[in-house]
Amino acid sequence: MDNQISIYNQIFDHLEIELKNVGHTLCDHSWYSHQSYFEYDSIGLVLDGQIWIQYDTTEFVAQAGELYYIPGGHIQSFHTHQCSTATKYWCHFSALLSGSRLYDFIHMPNHVACSNMDLSVNLFQTMLTAFRDKAIGNRLLYQSKLLELIHCYTHHHVDTISLKNNQLTNDMHHIIAYIEKNISNPLSIKELADIAGFSTNYFIELFKRYFHITPHQYIINQKMSMAKTLLTCTDLTIKEVSTQLGFSSQNYFSEIFKTHTSYSPSLYRKLQLS
């Protein structure tokens, strides 16, 4: 599960997210769509009533007190369900990673119980106000609220989120698992490329396209993260930490650590424990 979380975090860290529109709508008999193409992802909050939604062959009913998610780039249909009216907040946004959609990498639940209605309503209201008012700095505000909304949707329902079963995701999932399992050993890029079944250059290109970081940088980041933990939470000597993380020498470890943190390992430990 830890390596899956690493992949999730890498994906979300590098998503390019942009709010496109936001609103509050009273949905009556005139509010519907039949087999229409929608470019952007949507998250909505149903305040009252029920809404029937379909995209491609997936259909569901979002109830009052639920958040719903519809991936962009699909043919959609929707209307009120078993009621004359429904009220909702909604937002449309793009969520791209290297030109691909979030939906291409991660399966999100279509609708979830809203864990905090007051917070969610406030997020939508703030987004709506800031989006309509083009004052300086308002883009930062509504973008931050959109990110918080996406966090609410994913964080409280993490057990229902899954990686898409495509070959690239499977390859990267396997590589991340291998790196984490062997983080204490010296790891070569050729070794990882061979495991993935690619040439070294193509593997580096693919990894960077997926994670926005080279395999070497990813490995170093993981080793440095573990080094910080070992330096602050154990009594291991600097040499023992270096050896445990698979560095060829203490000097090389210290050089990499200082480049990464601006502190020598001994000074970092002293500062953290003071």
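Applying the condition of being buried (at least 18 other Cβ atoms within 10 Å of the Cβ) and within 30 Å of the chain's Cα centre (by Cα) to region 229-246 and asking which residue is farthest from LYS181 (Cα to Cα) yields LEU231.
Results for (1) assigned to a helix (DSSP H, G or I); (2) of a type in the set (Ser, Thr, Tyr); (3) modelled with pLDDT under 90, shown as yes or no for each residue.
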| site | (1), (2), (3) |
| --- | --- |
| PHE207 | yes, no, yes |
| ILE220 | yes, no, no |
| THR232 | yes, yes, no |
| THR259 | yes, yes, no |
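This table checks each residue for (1) of a type in the set (Gly, Ala, Ser); (2) not in a strand (DSSP E or B).
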site: ILE11; (1), (2): no, yes
site: HIS34; (1), (2): no, no
site: ALA95; (1), (2): yes, no
site: TYR103; (1), (2): no, yes
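Scanning region 234-252 for residues that are assigned to a loop (DSSP other than H, G, I, E, B) and aliphatic (A, V, I, L, M), we see that the one that is nearest to ILE175 (Cα to Cα) is LEU245. Kindly evaluate ILE75 against the criterion of being outside the structural domain of PHE211 (by TED's automatic domain parsing) and buried (at least 17 other Cβ atoms within 10 Å of the Cβ). No, not satisfied. Is there a residue being of a type outside the set (A, V, I, L, M, F, W, C) and under 19 Å from the mean Cα position of the chain (by Cα) anywhere in region 186-208? Within region 186-208 (the criterion being of a type outside the set (A, V, I, L, M, F, W, C) and under 19 Å from the mean Cα position of the chain (by Cα)), the answer is yes, since at least one residue qualifies. Among the residues of region 26-41, those that are surrounded by fewer than 20 Cβ atoms within 10 Å (Cβ to Cβ) and closer than 25 Å to LEU97 by Cβ comprise TYR37, PHE38, GLU39, TYR40.
Does region 156-167 contain at least one residue that is modelled with pLDDT of 85 or more and within 20 Å of LEU67 (Cα to Cα)?
No, region 156-167 contains no residue that is modelled with pLDDT of 85 or more and within 20 Å of LEU67 (Cα to Cα).
Residue pairs whose Cβ atoms lie under 8 Å apart, sitting 6 or more positions apart in sequence or on different chains, and linking a residue in region 221-240 that is more than 28 Å from ILE7 (Cα to Cα) to a partner that is assigned to a helix (DSSP H, G or I) and polar (S, T, N, Q), are LEU236/GLN244; ILE238/GLN250; ILE238/SER254; ILE238/SER266; LYS239/GLN250. Does region 247-257 contain at least one residue that is of a type in the set (A, V, I, L, M), within 29 Å of the chain's Cα centre (by Cα) and in the same structural domain as ALA193 (by TED's automatic domain parsing)? Yes, the conditions are met somewhere in region 247-257.
Do the conditions hold for GLY23, that is, is it surrounded by fewer than 19 Cβ atoms within 10 Å (Cβ to Cβ), in a strand (DSSP E or B), modelled with pLDDT of 95 or more and touching a strand residue (DSSP E or B) at 6+ places or on another chain (Cβ under 7 Å)? First the steps, then the outcome.
On the way: surrounded by fewer than 19 Cβ atoms within 10 Å (Cβ to Cβ): yes; in a strand (DSSP E or B): yes; modelled with pLDDT of 95 or more: yes; touching a strand residue (DSSP E or B) at 6+ places or on another chain (Cβ under 7 Å): yes.
Taking the combined requirement at face value, the residue satisfies it.
Looking at region 109-196, the helices (runs of 4 or more DSSP H) lying wholly inside it that each contain 1 or more residues that are touching a strand residue (DSSP E or B) at 6+ places or on another chain (Cβ under 8 Å) and either of a type in the set (Phe, Trp, Tyr) or under 16 Å from HIS92 (Cα atoms) (or both) sit at 117-132, 138-155.
Take the conditions (1) under 22 Å from the mean Cα position of the chain (by Cα); (2) assigned by TED's automatic domain parsing to the domain that holds GLN250; (3) assigned to a helix (DSSP H, G or I); (4) surrounded by 14 or more Cβ atoms within 10 Å (Cβ to Cβ); ILE213 misses just one of them, which is (3). Scanning region 94-150 for residues that are modelled with pLDDT of 90 or more and of a type in the set (Val, Ile, Thr) gives VAL112, VAL121, THR126, THR129, ILE136, ILE150.
The values are calculated or read from the model by the stated rules, or taken from the named source; none is laboratory data. Bear in mind that the values here come from a model prediction, so they are computed numbers and not experimental data. No Cβ is skipped: glycine too gets one built from the backbone with ideal geometry, and neighbour counts run over all protein chains shown.
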